[in-house]
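Scroll down for the structure; my scribbles are underneath it.
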Amino acid sequence: MSPLLTQLQRSSPTCLSSATCISVAIFSHHQMSTNARSVASRLSSSGFIRTQGFIGGKWVDAYDGKTIEVYNPATGEVITNVACMGGRETKDAITSAHNTFLSWSKLTAAERSRCLRKWFDLIMANKEELGQLMTLEQGKPLDEAMGEVTYGASYIEFYAEEAKRVYGDIIPAALPDRRLFVMKQPVGVVGAITPWNFPLAMITRKVAPALACGCTVVIKPSELTPLTALAAAELSIQAGIPPGAVNVVMGSASDIGEALLASPQVRKITFTGSTTVGKKLMAGAAETVKKVSLELGGNAPCIIFDDADLDVALKGTMATKFRNSGQTCVCANRILVQEGIYDKFSIAFSKAVESMKVGDGFVEGVAQGPIINDSALHKVESFVQDAISKGAKVLIGGKRHSLGMTFYEPTVIGDVKSEMLLAREEVFGPVAPLMKFKTEEEAIHIANDTNAGLAAYMFTTSIKRSWRVSEALEYGLVGINEGQISTEVAPFGGMKQSGLGREGSKYGMDEYLEIKYVCLGNMS
Ligand code: ADP
């Protein structure tokens, strides 16, 4: 096995001594695709690629000098090595966030709003560079990456405005000599733990409302995609957000997580990622009774009724299934198709899927990039094998792509049944399982027959059915005749084991606020 492949086999990042990293980087340099290599060197020379953690407004190495490699999943090459931090650095980041909280929370809402607005402007001004950085470390096609920059920035713009609308209440008192008030105050230091699939947006969705409320944050981005987070942190300083308000530590996830959970100064944990880790964090937060928001895994049903407009259903299903190579928690995971339209839909859908261009996200016209790493690829392969062994049929794709690496063919699997892994768990890859159903009641039953409850989609031209089914679905988000529904102005979050709390919209502010009741007595 080549050394390059050995590197790729590693599914989760491990800290390395500097010497090991340098040799890998030299080896990899020769292998890197020309486009990605020139982008990386341009971003590096313009100071866009940061490799240190960010604590108290200073760029710092890991205290023991350890580093961790960041890969380009399209080429397998090491882009750079970043600091591999742990508990000690996290404690210092918390202290710095806590000290800054005392001043940041005392600013007027208008002052905080101006800083956020400037941060939004700077992110938009650097959209291309941030998009390139994201494609480099995450693999998604460049257009999609730039779309995420705009989407991620939209949360900062929205919460810059929302900062000024943290209203309280005056409550009519039960006794004549009393006056009752409710005020909302920032919760304090926030620990924000984010995944690799949306390297910018999952951060801004948390950090923008936190800062708007007057909180300060310690961000732990995924070790697979820390570069976008670090670049965004640099822009936050340029925007005038004070040192210590935004801190970034990455490295040992468990050590950083433990330090965040153990600290009584951290008053809130906000997390996007797997249900397994989310449950651990929720349990760990109990010790110091922190506020918790969790955005966990989904198992989204996408229901195509007989009365759907076929073109709308095709377009919407393609959008919800294949964005980000199927690696989003709101991706359609089960496509339920009513028997009257099943054949027509599956033929047209397979044709559309077959035409998707797969490749390096920097290549023009590419619609699907690589899967993030080898372990994610194995998961996809094992789910497809499980389905085939239980009688499902591969309509299109069904295997690794000839490009090699972690590329997988856009895939459609027919005759999927409830007992198959593809129907029970999130595949998190470019595989569309089709399941046939007869009645609306059956579709609702199948859709709700899961512990997850994040996003659901339906395609129908009946307004009555739209309401009826929306009300019956046990999901936090419902898309009707639309496959991409996330927006900063609407609440995003799950029911059941898909999570707690909401991100985006006016509701997203509540996650970072305490409600305080004040009673003024003896007023007569
Ligand atoms: P995914 O499978 O999408 O990578 P994870 O839940 O494993 O989802 O990761 C999401 C984020 O949670 C990442 O930043 C990861 O490093 C972090 N993480 C993983 N394990 C822990 C842990 N024990 N404590 C804190 N953070 C963790």
Self-check item: Wholly within the stretch 159-214, strands (runs of 3 or more DSSP E) carrying at least 2 residues that are within 16 Å of the ligand (Cβ to nearest atom)
Solution: 189-193
Quiz prompt | Subset of the stretch 270-304 (residues that are within 14 Å of the ligand (Cβ to nearest atom), part of a strand (DSSP E or B) and either surrounded by fewer than 22 Cβ atoms within 10 Å (Cβ to Cβ) or not β-branched (Val, Ile, Thr) (or both)) | solution = Phe271, Val292, Ser293, Leu294, Glu295
Quiz item: Just for the stretch 35-59: of the residues that are assigned to a strand (DSSP E or B) and hydrophobic (A, V, I, L, M, F, W, C), which one is farthest from Ala93 (Cα to Cα)?
Solution: Trp59
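Going by what's in this entry, would Asn247 be described as polar (S, T, N, Q), in contact with a Lys or Arg (Cβ under 8 Å, 6 or more places away or on another chain) and in contact (Cβ under 8 Å) with a residue 24 or more places away in the chain?
It is false that Asn247 is polar (S, T, N, Q), in contact with a Lys or Arg (Cβ under 8 Å, 6 or more places away or on another chain) and in contact (Cβ under 8 Å) with a residue 24 or more places away in the chain.
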Quiz item: Which members of the stretch 50-79 meet the condition of being on the phi > 0 side of the Ramachandran plot and in contact with a strand residue (DSSP E or B) (Cβ under 9 Å, 6 or more places away or on another chain)?
Solution: Gly56, Gly57, Gly65
Exercise. Any residue in the stretch 339-361 that's assigned to a helix (DSSP H, G or I): show its pairings with residues that are of a type in the set (D, E, K, R) at Cβ separation under 8 Å, as long as the two are six or more apart or on different chains.
Key: Glu339/Asp306; Glu339/Lys436; Glu339/Lys438; Gly340/Asp306; Ile341/Asp306; Tyr342/Lys436
Quiz item: Mind checking which residues of the stretch 110-125 are open to solvent by less than 30 Å² (accessible area, probe 1.4 Å) and either farther than 18 Å from Pro243 by Cα or among the β-branched types (Val, Ile, Thr) (or both)?
Solution: Ile123
Exercise. Could you list all residues from the stretch 444-472 that are surrounded by fewer than 22 Cβ atoms within 10 Å (Cβ to Cβ) and either in a loop (DSSP other than H, G, I, E, B) or touching a Cys at 6+ places or on another chain (Cβ under 7 Å) (or both)?
Key: Asp449, Asn451, Thr461, Ser462
Quiz item: Quick one: what pairs do we get from the stretch 99-122, first residue under 14 Å from Ala212 (Cβ atoms), second among the charged types (D, E, K, R) and at pLDDT 95 or above, C-beta under 6 Å, 6+ apart or different chains?
Solution: Ala109/Lys164; Ser113/Lys164; Phe120/Glu157
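The values are calculated or read from the model by the stated rules, or taken from the named source; none is laboratory data. None of the values given here were measured: they were computed from a predicted structure. Note that we place each Cβ from the backbone using ideal geometry, even for glycine, and neighbour counts take in every protein chain shown. For the accessible areas, the whole protein counts, side chains as well, though only heavy atoms, and no ligand, DNA or RNA atoms are used. Shrake-Rupley method; radii C 1.70, N 1.55, O 1.52, S 1.80 Å.
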